[in-house]
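Shown next, in structure tokens, is the structure this report addresses.
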Amino acid sequence: EVQLVESGGGLVQPGGSLRLSCVASGLTVTSNYMSWVRQAPGKGLEWVSVLNTDGSTDYADSVKGRYIVSSDKFKNALNLQMNRLRVDDTGVYYCARQSESSFDHWGQGILVSVSS
Amino acid sequence: IVMTQSPLSLPVTPGEPASMSCRSSQSLLHTNGYNYVDWYLQKPGRSPQLLIYVGSLRAPGVPDRFSGSGSGTDFTLKISRVEAEDVGVYFCMQGLQTPRTFGQGTKVEIK
């Protein structure tokens, strides 16, 4: 059974940094396309970033240059380093396994609050 | 690619059918014949779950009362007989290009 468990969220001031982690079981992170998707309070879903199986990455324009996605092979984890955080980065962040074109497994989500 | 859903709110009666629409700003039909649109359900307080992928294929464990149809830029999700557990927000998403983009969601609630 696939499980994805996010951690590392919390309250941070604008301009600050946070590092999210998503530990996987039932799949190998580096053998799968893995994405981060976020959801602002009461809003819809926004794709944030992807780590491809060849190690390449891609980002939404809204986070490009501020966020870095990576993997930790030993922990079987997907990480998201978030820098220069803004108020509009607030929301629940989900990690998700991308199978072909679809997100077929999601974590439970972790809340990131950016506020002064 | 912009995804537009309608209606945004859908009151439903248990046992009755329900239908919602998703329109994309460009064709999601791949040369392989598949339409790269998914449907997800986010139940209250829960993570999204995959219902339908490539337009019409049900994800494992999804009841057969859910069906997806459409091609090109117009897609539909139908529930043949709504059950109380089907309440939540339904999102469509295009899987053709990065960045993946989602519709605004259709909120389904019991009348």
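A compact table of results
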read-out: Residue, nearest to B:Thr76 (Cα to Cα), within region B:1-18, restricted to residues that are of a type in the set (Gly, Ala, Ser) and exposed (fewer than 14 other Cβ atoms within 10 Å of the Cβ); value: B:Ser6
read-out: Count - residues of region A:63-86 that are in a loop (DSSP other than H, G, I, E, B), free of Cβ contacts under 8 Å to residues at least 24 places away in the same chain and surrounded by 14 or more Cβ atoms within 10 Å (Cβ to Cβ); value: 1
read-out: Complete set of residues in region B:60-111 that are under 12 Å from the mean Cα position of the chain (by Cα), among the small types (Gly, Ala, Ser) and away from every other protein chain (no Cβ under 14 Å); value: B:Ser67, B:Ser69, B:Gly70
read-out: Scan of region A:78-96 for residues that are within 13 Å of another protein chain (Cβ to nearest Cβ) and either farther than 15 Å from A:Gly10 by Cβ or touching a His at 6+ places or on another chain (Cβ under 6 Å) (or both), ordered by number; value: A:Tyr94, A:Cys95, A:Ala96
read-out: Any hit, region A:65-77, residues being under 9 Å from the mean Cα position of the chain (by Cα) and farther than 15 Å from A:Asp89 by Cβ; value: no
read-out: Test: residue in region B:17-25 that is over 13 Å from the mean Cα position of the chain (by Cα), more than 11 Å from chain A (Cβ to nearest Cβ) and under 28 Å from A:Thr57 (Cα atoms); value: yes
read-out: Any chance B:Asp38 is buried (at least 17 other Cβ atoms within 10 Å of the Cβ), under 27 Å from A:Leu51 (Cα atoms) and acidic (Asp, Glu); value: yes
read-out: Filter result for B:Lys78 (surrounded by fewer than 15 Cβ atoms within 10 Å (Cβ to Cβ) and either among the hydroxyl-bearing types (Ser, Thr, Tyr) or more than 27 Å from A:Leu4 (Cβ to Cβ) (or both)); value: yes
read-out: Filter result (among the small types (Gly, Ala, Ser) and either at the interface with chain B (Cβ under 9 Å from one of its Cβ atoms) or closer than 15 Å to A:Val2 by Cα (or both)) within region A:97-116; value: A:Ser99, A:Ser101, A:Ser102, A:Gly107, A:Gly109
read-out: Residues of region B:35-61 classified as in contact with a strand residue (DSSP E or B) (Cβ under 6 Å, 6 or more places away or on another chain), without any contact (Cβ under 8 Å) to a residue 12 or more places away in the chain and hydrophobic (A, V, I, L, M, F, W, C), total; value: 1
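No lab work stands behind these numbers, since they all come straight from the coordinates. Everything numeric in this text was worked out from a predicted model, so none of it was measured. In this analysis, Cβ positions are derived from the backbone assuming ideal geometry, glycine residues included, and neighbour counts consider all displayed protein chains.
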